[in-house]
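Some notes on the structure that comes next.
Nothing in this text is a laboratory measurement; each read-out follows from the coordinates by a stated rule. Given the structure is predicted, the values throughout are model-derived calculations rather than measurements. So basically every Cβ, Gly included, is an ideal-geometry build from the backbone, and we count neighbours across all protein chains shown.
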Amino acid sequence: METMAAGRLGTFNDTRLTAPEINEILARHGYRATHPRQAVIGAMLRRPRSFTAEQIVNDVETSTPKLGRATVYRTLEILASLDILTRVFQPDGQPAYVVGVPGHRHHLLCSSCGTAIAFTSCPVDALVQDLTASTDFSIHGHLLQVYGLCPSCQPPAAQVHSGPS
């Protein structure tokens, strides 16, 4: 399912990569599509929301019992280094991952269910330029995450409806 909306905040995009697309990215960077990697990729693609490494370890333990914890963590790190996964922090500070199309993006995260929506607008760009000019830092990255409650997790009175009732 693809949902994209453009506006003042850029593009909102919940497009997810498929296993063949991920395998193609891996191959372009010299990684083979090994059985353990495929098990990890399958487990993460079955997760509709942000997920932790331990959740993937638990998922693959049942389907691929000989797959070790270190292999799962290593595979997730490879996928993150290739920008297939984005590392995010859940509201409790626990690290998690979100599958997404490679490119610069930030995330809106539901603090209740973990739903993540990527957005491409970067309101931090001007701040980075100002900080670079005033501090002489060579800034190489930043992280922006916005927390809230998705429509499904909001109490009925808190939901905002657009348009006529």
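Take every pair of alpha-carbon atoms less than 8 Å apart whose residues are at least six positions apart; their mean separation over the length of region 54-113 yields a relative contact order of 21 percent. Taking other C-beta atoms within 10 Å as the exposure proxy, 84, 25, 139 rank 139, 25, 84 from fewest upward. In percent, what relative contact order does region 82-128 have, based on Cα pairs under 8 Å that are 6 or more apart in sequence? Once divided by the residue count of region 82-128, the mean separation gives 28 percent. Rounded to two decimals, the Cα radius of gyration of region 62-165 over 2.2 N^0.38 Å is 1.40. When the Cα convex hull of region 95-144 is projected onto planes of every orientation, the mean area is 4.4 nm².
Rounded to the nearest 10 degrees, the angle from helix 19-28 to the longest Cα principal axis of the chain is 80 degrees. Could you work out how far apart the two model spin labels at residue 127 and residue 38 are, taking each label as a point 7 Å from the Cα in the direction of the beta carbon, and quote it in nm? For the pair residue 127/residue 38, the computed spacing is 4.4 nm.
Taking 0.36 nm per residue of separation and subtracting the current Cα-Cα distance, fully stretching the chain between residue 157 and residue 142 would add 1.9 nm. For 81, 121, the sequence from fewest to most other C-beta atoms within 10 Å is 81, 121. Take every pair of alpha-carbon atoms less than 8 Å apart whose residues are at least six positions apart; their mean separation over the length of the chain yields a relative contact order of 22 percent.
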